[in-house]
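Participant: Encoded as structure tokens, here's the structure I'll be asking about.
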Amino acid sequence: MTKNTYLGVHCLIRFNVERLPLFERKIVKKLAEQHLDAIALALKNRVEHEPDPGFMTGLAGQALFFYSYARSSGQSRYENLGFLALERALAMVNNGFSWPSFAAGLAGMRFTLKYLATRGHISESDGAALDDIDPCLNDFAKQRFANGDYDFLHGAIGMYLREQRYPQEDFTNAVKSVVIPAKAGTPSLTATLASLAISPGPGFLSWETRHPQTGTPEINLGLAHGIPSVLWMLSHQEPDPERNNLLKGGVNYLLSCRMQDTANGSIFPHRIVNGVPDQPGRLAWCYGDPGVGAALWQIGLNCNRPDWQTDAIGILHNAASRRDSGVNRVHDACICHGTAGLALIFYKMAILTGHDELLDAAGHWARATLDHGQKPDAAAGYLFLTTGDHYISSWSLLEGITGVGLTLLALLDADTLGWEQGLML
């Protein structure tokens, strides 16, 4: 497998499995299938009582798992559970649920419906069930931008990731076509971000927000909440001089934040406060080098900047070499900041780039994910770290077993990939 080669998904899957010793290969595959069965059962017991309709937080994400698992496993009864999850989520909307956020609200729910319709899990008419929410999303984005809240998960930027628009197999064009342009009569994202940009130094542009707990002004460098998501979203807008200047200044500033010789090997900090890095980043999707590297590679592709892609590969290779869970603050199996998220990022980026080192890292974190699922009194065997250093059962996509299940399913059956666009991957 050579560098800078785009490979077919099925070819990569075969290579990934066949490089393992036969005995280990059988054990890993069987164990992953057992974990998926346990996750499906735990979610089956949850779906009628789940109080949250969101994509990353509740029923919409669970529906995504059920439909994907039904098709991959051939167990069609799980389609009924997917339908039930969607039915309950939409009933909540009909009963007054109106929170717009991508992670936990209407924007992410519509993304889920569009994705399921594109993949043929549900009809096009069912996929259009939330097509009338544009005014709500636009108003929310305007309000959040006015408050300096461009957060992808909970703020303005998530309002611009509206649906899945391409055939699942075409990963190269996938990262170029995921965002729908703003409707006529609404300010473009480029114009809005240009009006809010600051210059931390010559040739640099960025966007300032406030720490959600302390209120301190900061420049956030996490993919989930910070400028990598802003730049990722900008890279999907129509090219023009203003958009190109924003991207050039933003990427230049992002790369200027790189640190040297940190204790855990991290290249980027979580945030910049008063011009100073706060701490070396953890190894995670939400904050840290894997999320930054994945976003930067896609930005480079969208902007025809191979130099940015080269920088991204260096960031990802460095992240792939960091395997110590304790030093890198990898405490559980979730997608957001755990082992499943790392397996998913490195696997998807291995597909896009053809780099062996990333595939090896995906395998390491996939096995670590399976190791986490051994808790006898937890939902499907998994516990997840929460506030106060407590571990709890969680059923969500972002921080629970739905995300673990979708990741394991993708590693076993690449035909289930595509939903990770909702994570900017």
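Participant: Would you confirm whether any residue within the stretch 340-347 is touching a helix residue (DSSP H, G or I) at 6+ places or on another chain (Cβ under 6 Å) and free of Cβ contacts under 8 Å to residues at least 60 places away in the same chain?
Facilitator: First, pick out the residues of the stretch 340-347 that are touching a helix residue (DSSP H, G or I) at 6+ places or on another chain (Cβ under 6 Å): 340, 342-347.
From what's left, free of Cβ contacts under 8 Å to residues at least 60 places away in the same chain: 342, 346.
Yes, the stretch 340-347 contains a residue that is touching a helix residue (DSSP H, G or I) at 6+ places or on another chain (Cβ under 6 Å) and free of Cβ contacts under 8 Å to residues at least 60 places away in the same chain.
Participant: Now for a different question. Please return the ranges of helices (runs of 4 or more DSSP H) entirely within the stretch 99-156 where 1 or more residues are crowded, with 22+ Cβ neighbours inside 10 Å and in contact (Cβ under 8 Å) with a residue 60 or more places away in the chain. I'd like the intermediate steps shown before the answer.
Facilitator: Values: elements: 106-118, 124-127, 134-146.
Filter on the stretch 99-156 gives 106-118.
Participant: Related question: Could you list all residues from the stretch 384-397 that are buried (at least 23 other Cβ atoms within 10 Å of the Cβ) and either over 22 Å from the mean Cα position of the chain (by Cα) or closer than 12 Å to A333 by Cβ (or both)? Working first, answer last.
Facilitator: Step one: list which residues in the stretch 384-397 are buried (at least 23 other Cβ atoms within 10 Å of the Cβ), which gives 384, 394-397.
Residues satisfying the conditions are F384, S394.
Participant: Could you please give the count of residues in the stretch 398-420 that are open to solvent by 40 Å² or more (accessible area, probe 1.4 Å) and touching a Leu at 6+ places or on another chain (Cβ under 8 Å)? Explain how you work it out, then say what you get.
Facilitator: First, pick out the residues of the stretch 398-420 that are open to solvent by 40 Å² or more (accessible area, probe 1.4 Å): 399, 412, 415.
In the following step, the residues that additionally are touching a Leu at 6+ places or on another chain (Cβ under 8 Å) were identified as 412.
Result for the stretch 398-420: 1.
Participant: A further question on this structure: Here are the criteria: (1) among the small types (G, A, S); (2) free of Cβ contacts under 8 Å to residues at least 60 places away in the same chain; (3) in a helix (DSSP H, G or I). Tell me which single one G61 does not satisfy.
Facilitator: (2)
Participant: Still on this structure, please answer the following. Which condition number in (1) touching a Leu at 6+ places or on another chain (Cβ under 8 Å); (2) farther than 21 Å from P306 by Cβ is the one that M259 fails?
Facilitator: Among (1) touching a Leu at 6+ places or on another chain (Cβ under 8 Å); (2) farther than 21 Å from P306 by Cβ, M259 violates only (1).
Participant: Still on this structure: Determine if the stretch 354-366 includes at least one residue that is of a type outside the set (S, T, N, Q) and closer than 28 Å to D52 by Cα. Walk me through how you get there before you give the answer.
Facilitator: Looking only at the stretch 354-366, we keep the residues that are of a type outside the set (S, T, N, Q), and these are 354-366.
Going one step further and asking which of them are closer than 28 Å to D52 by Cα, we end up with 366.
Within the stretch 354-366, one or more residues are of a type outside the set (S, T, N, Q) and closer than 28 Å to D52 by Cα.
Participant: Within the stretch 223-254, can you find the residues that are open to solvent by 10 Å² or more (accessible area, probe 1.4 Å), within 25 Å of R210 (Cα to Cα) and within 17 Å of the chain's Cα centre (by Cα)?
Facilitator: Passing the criteria: only H225.
Participant: Of F102, F140, which residue is of a type in the set (A, V, I, L, M, F, W, C), modelled with pLDDT of 95 or more and under 19 Å from A194 (Cα atoms)?
Facilitator: Details: F102 fails: under 19 Å from A194 (Cα atoms).
The unique qualifying residue is F140.
Participant: Given the condition part of a helix (DSSP H, G or I) and open to solvent by 40 Å² or more (accessible area, probe 1.4 Å), answer yes or no: does some residue in the stretch 255-265 qualify?
Facilitator: Narrowing the stretch 255-265 to residues part of a helix (DSSP H, G or I): 255-256.
Right, trim to open to solvent by 40 Å² or more (accessible area, probe 1.4 Å) and you get 256.
Yes, the stretch 255-265 has at least one match.
Participant: In the stretch 289-328, which residue that is within 18 Å of D261 (Cβ to Cβ) and small (G, A, S) is most open to solvent (accessible area, probe 1.4 Å)?
Facilitator: S321
Participant: Are there any pairs with C-beta distances below 7 angstrom linking a residue in the stretch 186-214 that is within 17 Å of C257 (Cα to Cα) and β-branched (V, I, T) to a residue that is in a loop (DSSP other than H, G, I, E, B) and open to solvent by 60 Å² or more (accessible area, probe 1.4 Å), with the two at least 6 apart or on different chains, and if so which?
Facilitator: Final answer for the pair search is I198/E208.
Participant: Continuing with the same structure: Any idea which residue in the stretch 334-383 is surrounded by the fewest Cβ atoms within 10 Å (Cβ to Cβ), counting only those that are under 20 Å from R25 (Cβ atoms) and among the β-branched types (V, I, T)?
Facilitator: Ranking the candidates gives I351 first.
Participant: Just a yes or no: is a residue in the stretch 223-235 over 19 Å from M424 (Cβ atoms) and either in a strand (DSSP E or B) or modelled with pLDDT of 95 or more (or both)?
Facilitator: Restricting attention to the stretch 223-235, the residues satisfying the condition of being over 19 Å from M424 (Cβ atoms) are none.
No; the residues of the stretch 223-235 include none that is over 19 Å from M424 (Cβ atoms) and either in a strand (DSSP E or B) or modelled with pLDDT of 95 or more (or both).
Participant: Take G300 and tell me if it is modelled with pLDDT of 95 or more, of a type in the set (G, A, S) and over 19 Å from G265 (Cβ atoms).
Facilitator: When the stated conditions are applied, G300 passes them.
Participant: Sticking with this one: Look through the stretch 327-365, keep the residues that are out of contact with any Pro (no Cβ under 9 Å at 6 or more places or on another chain) and β-branched (V, I, T), and return whichever of them is farthest from Y382 (Cα to Cα).
Facilitator: Across the stretch 327-365, the extreme among qualifying residues is T353.
Participant: What pairs can you find where one residue is in the stretch 266-288 and within 17 Å of P200 (Cα to Cα) and charged (D, E, K, R), the other is open to solvent by 10 Å² or more (accessible area, probe 1.4 Å) and assigned to a loop (DSSP other than H, G, I, E, B), and their Cβ atoms are less than 6 Å apart, with a gap of 6+ or different chains?
Facilitator: Qualifying pairs under 6 Å: R271/D278; D278/H270.
Participant: Given the condition open to solvent by 20 Å² or more (accessible area, probe 1.4 Å), within 30 Å of A85 (Cβ to Cβ) and at pLDDT 95 or above, answer yes or no: does some residue in the stretch 159-173 qualify?
Facilitator: no
Participant: Something else about it: Considering N328, N302, N318, which residue is more than 30 Å from Y391 (Cα to Cα) and more than 17 Å from the chain's Cα centre (by Cα)?
Facilitator: Values: N328 fails: more than 30 Å from Y391 (Cα to Cα); N318 fails: more than 30 Å from Y391 (Cα to Cα).
None of the other options fit; the residue is N302.
Participant: Only residues that are in a strand (DSSP E or B) and of a type in the set (V, I, T): list them for the stretch 266-276, please. Break it down stepwise before answering.
Facilitator: To start, the set of residues in the stretch 266-276 that are in a strand (DSSP E or B) comprises 269, 271-273, 276.
Passing the criteria: I272, V273, V276.
Participant: Looking at (1) open to solvent by 10 Å² or more (accessible area, probe 1.4 Å); (2) free of Cβ contacts under 8 Å to residues at least 40 places away in the same chain, can you tell me which one F66 breaks?
Facilitator: (1) is the only condition that F66 fails.
Participant: Here's another thing I want to ask about it. Yes or no: G293 without any contact (Cβ under 8 Å) to a residue 60 or more places away in the chain, of a type outside the set (K, R) and closer than 26 Å to S396 by Cβ?
Facilitator: Yes: the conditions hold for G293.
The values are calculated or read from the model by the stated rules, or taken from the named source; none is laboratory data. Please read these numbers as outputs of a predicted model, since none were measured by experiment. Don't worry about glycine lacking a Cβ; one is built from the backbone with ideal geometry, like all the others, and counts go over all protein chains shown. Areas reflect the complete protein model, heavy atoms only, side chains present, ligands, DNA and RNA absent. Shrake-Rupley method; radii C 1.70, N 1.55, O 1.52, S 1.80 Å.
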